[in-house]
Amino acid sequence: VQLQASGGGLVQPGGSLRLSCAASGSIFRYMGWYRQAPGKQRELVASIRSGGAGNYADAVKGRFTISRDNAKNTVYLQMNSLEPEDTAVYYCWAAAYNGDYYWGQGTQVTVSS
């Protein structure tokens, strides 16, 4: 199983970015995104169950939208109204139906003027 993340970059406050994470292998029960800022613990940003709605951390509710395309085995994170506090390395994650967890490589998101 491989998770390939893309879409990070540098954006000004108030801007938008879209992260993508393409997974190999079977369809996963859950897919999502974590992030880790310098000096902080990794935190869950958003997750989505196969066929279900997304769940979000309070800090990103109303600004971020998670979605998935099971045909492409890909999860997306649309990030709008980005704030400097959103600066972090973002990691995609997937949980299989058998309980195994998988991580993708991180992608840097920097929000700065």
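The values are calculated or read from the model by the stated rules, or taken from the named source; none is laboratory data. This one's a predicted model, so the numbers in the text were calculated from it and none came from an experiment. When we count neighbours, we look across all protein chains shown, and the Cβ atoms used for this are built from the backbone with ideal geometry, even at glycine. Accessible surface areas use protein heavy atoms only, side chains included; no ligands, DNA or RNA. Shrake-Rupley method; radii C 1.70, N 1.55, O 1.52, S 1.80 Å.
What to note about this one:
- Scanning region 67-103 for residues that are at pLDDT below 95 and not in a strand (DSSP E or B) yields Asn70, Ala71, Lys72, Asn73, Ala96, Tyr97, Asn98, Gly99, Asp100.
- Test: residue in region 27-34 that is in a strand (DSSP E or B) and surrounded by fewer than 18 Cβ atoms within 10 Å (Cβ to Cβ): no
- Leading residue by the ranking (farthest from Gly25 (Cα to Cα)) among those in region 61-94 that are β-branched (Val, Ile, Thr) and open to solvent by less than 30 Å² (accessible area, probe 1.4 Å): Ile66
- Restricting region 35-50 to residues that are basic (Lys, Arg) and part of a strand (DSSP E or B), the residue that is modelled with the highest pLDDT is Arg35.
- Complete set of residues in region 4-26 that are closer than 22 Å to Gly51 by Cβ and crowded, with 21+ Cβ neighbours inside 10 Å: Leu19, Cys21, Ala23
- Residues that are more than 16 Å from Glu85 (Cα to Cα) and open to solvent by less than 60 Å² (accessible area, probe 1.4 Å) were ranked within region 47-60; the one that is nearest to the chain's Cα centre (by Cα) is Ser47.
- Index of the failed condition, Val1 passing every other in (1) part of a loop (DSSP other than H, G, I, E, B); (2) open to solvent by less than 60 Å² (accessible area, probe 1.4 Å); (3) not aromatic (Phe, Trp, Tyr): (2)
- Residues satisfying the stated conditions in region 104-113, i.e. out of contact with any Ser or Thr (no Cβ under 8 Å at 6 or more places or on another chain) and part of a loop (DSSP other than H, G, I, E, B): Gly104, Gln105, Gly106, Ser113
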